Ligand code: MG
């Protein structure tokens, strides 16, 4: 049973190109399935989350991260009686616009676009993928997703100002997105904060003592695990502590959002949209813990000297290839050369690079820039 404030699929604003209804899948289920079958979705498998060139086969990449976020999102959306199909589609699509090489690749691409008077934004890029770049269906370009999924792609993690982004005006930029979209920002955070502690520890970049010494909330759960399982290996106690942390963040997100829904008095999606602030949130206590974990990961993992070399390589490869195609546009694939008739060359090159996997961009670099 859906709550009144959930998005009901029958009330969807629909697709750009109308399609006959499916006999046994509703429109949000179809959108979820179209995302899973998209080429850009499969490419997530070879895109860095945190660790480039895979320290190990066990570490997350953007695809496994996405699947984990979808799992958390389904749980939270179900507990809040939100539309699980829509929330799951939004979780599965949330990282579709990420370029190769994780954050380093994104930063490099944005910097080079800024030098050409523009910028790179992964949410806007994801929208271009599903609206245009995916060519699967004879009847329409892109995936022809419902309004609510397209809206969630751009609005899940930040607000876009209508004056700066006139092309997005159809997405009700002066209103809050539905709760299903608001969720994604935090389920994404819960997913990567816990996963990065796990992978960072596994990579020997974050020793147990350092995590427990810096994060009181983790230390509490670790102590509990020690009391409950004094004789098992430390790694299993670590896993128990991580599970405790994971459950704490997720349960708090559910309980606190539920209480904010009640306090705000929202009864319908229209109420959610009109509410002056986002309603999905952690409690202030757990929000403080989330921030601590995030800061800890920035200081000790994302900016770890062990990852600096890979980040420098990523930046160098993006810059070198970008410069190469700026000077040699005829070396771009034919399809991209044609696009340069309608769009600026930097944007076309940016779109091409952003779509690449880590493996493919390295191959292109070796081919065109010599390694
Ligand atoms: Mg993510």
Subject >> Which listed residue, of 50, 76, is more than 19 Å from residue 150 (Cα to Cα), within 17 Å of the chain's Cα centre (by Cα), within 16 Å of the ligand (Cβ to nearest atom) and not in a helix (DSSP H, G or I) >> reply: 50
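Select the helices (runs of 4 or more DSSP H) contained entirely in segment 190-284, then report the ones holding at least 3 residues which are in contact (Cβ under 8 Å) with a residue 40 or more places away in the chain and within 25 Å of residue 175 (Cα to Cα).
Values: elements: 208-214, 216-228, 234-264, 269-274.
Counting at least 3 such residues, we get 234-264, 269-274.
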**OP:** Please state which of the following conditions residue 27 fails to meet, knowing it meets all the rest: (1) more than 30 Å from residue 307 (Cβ to Cβ); (2) within 16 Å of the ligand (Cβ to nearest atom).
**Re:** (2)
Subject >> Residue in segment 321-343 that is more than 22 Å from the chain's Cα centre (by Cα) and under 29 Å from residue 211 (Cβ atoms) present >> reply: no
Subject >> Failed condition for residue 84, given (1) buried (at least 21 other Cβ atoms within 10 Å of the Cβ); (2) touching a residue at least 12 places away in the same chain (Cβ under 8 Å) >> reply: (2)
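Being within 30 Å of residue 6 (Cα to Cα) and surrounded by 20 or more Cβ atoms within 10 Å (Cβ to Cβ) is true for just one of 272, 348, 318. Which residue is that? Spell out the reasoning first.
Numbers: 348 fails: within 30 Å of residue 6 (Cα to Cα); 318 fails: within 30 Å of residue 6 (Cα to Cα).
Checking each option against the conditions leaves just 272.
If you check 91, 3, which single one turns out to be surrounded by 24 or more Cβ atoms within 10 Å (Cβ to Cβ) and not assigned by TED's automatic domain parsing to the domain that holds residue 360? Lay out the reasoning, then the answer.
Details: 3 fails: surrounded by 24 or more Cβ atoms within 10 Å (Cβ to Cβ).
Exactly one of 91, 3 is surrounded by 24 or more Cβ atoms within 10 Å (Cβ to Cβ) and not assigned by TED's automatic domain parsing to the domain that holds residue 360, namely 91.
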**OP:** Please determine, by comparing only the residues of segment 172-192 that are surrounded by fewer than 20 Cβ atoms within 10 Å (Cβ to Cβ) and over 12 Å from the mean Cα position of the chain (by Cα), which one is farthest from the ligand (Cβ to nearest atom).
**Re:** 174
Subject >> Failed condition for residue 91, given (1) within 15 Å of the ligand (Cβ to nearest atom); (2) under 23 Å from residue 318 (Cα atoms) >> reply: (2)
**OP:** Provide a single number: the residues in segment 36-47 that are within 15 Å of the ligand (Cβ to nearest atom) and not in a helix (DSSP H, G or I).
**Re:** 1
Original post:
Can residue 7 be described as more than 16 Å from the ligand (Cβ to nearest atom) and at pLDDT 95 or above?
Top reply: yes
**OP:** Please tell me if residue 263 is surrounded by fewer than 18 Cβ atoms within 10 Å (Cβ to Cβ) and within 27 Å of the chain's Cα centre (by Cα).
**Re:** no
Subject >> For residue 202: the one exception among (1) modelled with pLDDT under 95; (2) more than 26 Å from residue 343 (Cβ to Cβ); (3) within 16 Å of the ligand (Cβ to nearest atom) >> reply: (3)
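The values are calculated or read from the model by the stated rules, or taken from the named source; none is laboratory data. These numbers come from a predicted model, not from an experiment. Positions of Cβ are backbone-derived with ideal geometry, glycine not excepted, and every protein chain shown enters the neighbour counts.
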